[in-house]
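Okay, structure first, notes after.
What follows is calculated from the coordinates using simple rules that are stated; it is not laboratory data. Keep in mind the model is a prediction, meaning the values are calculated, not measured. Ideal geometry is used to build each Cβ from the backbone, glycine not excepted, and the neighbour counts take in all protein chains shown.
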Amino acid sequence: MRAPDFWRARASLASRALAPFGALYGAVAAARLAHTGARAPLPTFAIGGLTAGGDGKTPTALALAQLLARYGERPAFLTRGYGRKAGASEPIRVDTRLHAARDVGDEPLLLARAAPTFVGADRMASALRAQSNGATALVLDDGFHSRRLAPDLALLVVDGAYGAGNGRCLPAGPLRAPLDAQLTQADALVLIGEGDAGAAIAARTKALGKLVLRATMTTNEDAAARLRGKVIVAFAGLARPEKFQRSLQACGADVVATRWFDDHHLFTQREVDDLRAEARRLGATLATTEKDAARLSAENLAAIEIVAATLMFGDPEALQRLIHATLAKARAATHL
């Protein structure tokens, strides 16, 4: 789903009406967070988004895997594959030549371009499969809140502009668990972009004696150059699609129309045809995100601008020290 507007407003009638349900959801989620999962045989890095979507969890996972590979590790991603159809209980290694978003989910298709990716509900089975395929470290793209595996490093990702929204848990607000419960279980906070909401959470994190890693999302330079001055019809199925619109405008694109779908939406042929017709009528080019492109066929991607974004850390040396310390500690504990 897309994040509703009332998730930003604590005083809204909808949020207040749903507050008791949010409190119940938060209590269950906090108890789950306090659970200690089984320890995998490899160093395990868990990434979590503070809210129900749009924080930047997947770009953070990709950036972390890239750094691990740079340090000589062979990272593998483990994910449940949100949005995939029900299938075998055994973990699936994602093959971008064979699998579509319906089979494994859209985010695993992105992850698999960077490192071996295993989809499955049983995290330990996925971890053992990754190990048998030569992995030396695990990156859990959505493992912070599940606690199925005990992380050696747990990173919590926060969008600086959005922060915790109205501060309530689902469905009254966007939080996946109470803010303090999430900060307590995180080893470090990844704060993406600027904003008072994120700055307040960063201050709260530092007060707990935990590290805050600042980062920014940057659009691929080639894509940015192509978009400059171009008339665009933007479409996406994201939790907070307004972030995509702002990134297009930051590149100098003239966004004349937008069409937003629910997060992880599987586009129909009729929807694609309607989008193309609207772009023709406005003399515009269609543009979407990499994540959305993973849910479109090769034929439907023709003449659509695919806008890639990369996460850049403000102090990569701080993250480097944290990664090296985590690897050393994990291997000392498991004698790897």
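Within the set of other residues whose C-beta is less than 13 Å from the C-beta of ALA223, count the net charge using Lys and Arg as +1 and Asp and Glu as -1. Don't skip to the answer; put the middle values down first.
Values: positive: ARG226, ARG228, LYS230; negative: GLU221, ASP222, GLU290, GLU305.
Here the count lands on -1.
At R0 = 25 Å, how high is the FRET efficiency between ALA332 and ARG74 if r is their beta carbon distance? Nearest 0.05 is fine.
Values: r = 20 Å, r/R0 = 0.78.
Between ALA332 and ARG74 the formula returns 0.80.
If we count every other residue with Cβ under 11 angstrom of GLY143's Cβ, Lys/Arg +1 and Asp/Glu -1, where does the sum land? Before the final figure, lay out the partial values.
Numbers: positive: LYS57, ARG80, ARG123, ARG147, ARG148; negative: ASP141, ASP142.
Result for the neighbourhood of GLY143: +3.
In Å and whole numbers, how far do the C-alpha atoms of the stretch 221-307 stretch along each principal axis, longest first?
Principal-axis extents of the Cα atoms in the stretch 221-307, largest first: 30, 27, 20 Å.
For the stretch 221-307, what's the relative contact order in percent, using C-alpha pairs closer than 8 Å and at least 6 residues apart? It would help to have the intermediate numbers written out before the result.
Working: 123 pairs, mean separation 29.6, N = 87.
Dividing the mean separation by the residue count of the stretch 221-307 yields 34 percent.
Return one number: the angle in degrees, 0 to 90 and rounded to the nearest 10, between the long axis of the Cα atoms of helix 57-70 and the longest principal axis of the Cα atoms of the chain.
60
Normalised by the empirical 2.2 N^0.38 Å for globular proteins, what value does the Cα Rg of the stretch 149-282 take? Walk me through the intermediate numbers first.
Details: Rg = 18.3 Å, N = 134, 2.2 N^0.38 = 14.1 Å.
So the Cα radius of gyration is 1.30 times the expected 2.2 N^0.38 Å.
Running Debye on the chain with equal point scatterers at the Cα sites and no solvent, what base-10 log of I(q)/I(0) appears at q = 0.06, 0.09 Å⁻¹?
Treating every Cα as an identical point scatterer, log10 I(q)/I(0) equals -0.21, -0.48.
So if I take the centroid of the Cα atoms in the stretch 241-315 and the same for the stretch 1-21, what is the distance between those two points in Å?
With the stretch 241-315 and the stretch 1-21 each reduced to a Cα centre, they are spaced 28 Å.
Relative contact order for the chain: what percent, with Cα pairs under 8 Å and sequence separation of 6 or more? Intermediate values should be presented prior to the final figure.
Details: 694 pairs, mean separation 73.4, N = 336.
Answer for the chain is 22 percent.
For a quick check: with amide H placed at 1.01 Å from N, whose amide H comes under 5 Å from PHE261's, ignoring anything fewer than 5 positions away on the same chain?
It is ALA236, GLY237, LEU238, by chain and number.
HN-Hα J couplings of the stretch 225-230 from phi, Karplus 6.51/-1.76/1.60, θ = phi - 60°, integer Hz, Gly and Pro as x?
Calculated HN-Hα couplings, in order: 5, 5, 7, 4, x, 8 Hz.
Between SER297 and LEU67, with labels modelled 7 Å along Cα→Cβ, what's the label distance in nm to one decimal, could you check?
Modelled inter-label distance: 4.1 nm.
Quick one: Karplus J couplings for the stretch 141-147, per residue in order, coefficients 6.51, -1.76, 1.60, θ = phi - 60°, nearest Hz, x for Gly and Pro?
In residue order, the calculated couplings are 5, 9, x, 5, 8, 6, 6 Hz.
Between ALA294, ALA52, ALA279, find the one with the highest GNM mean-square fluctuation for the chain; connect C-alpha pairs within less than 10 Å.
The residue that fluctuates most here is ALA279.
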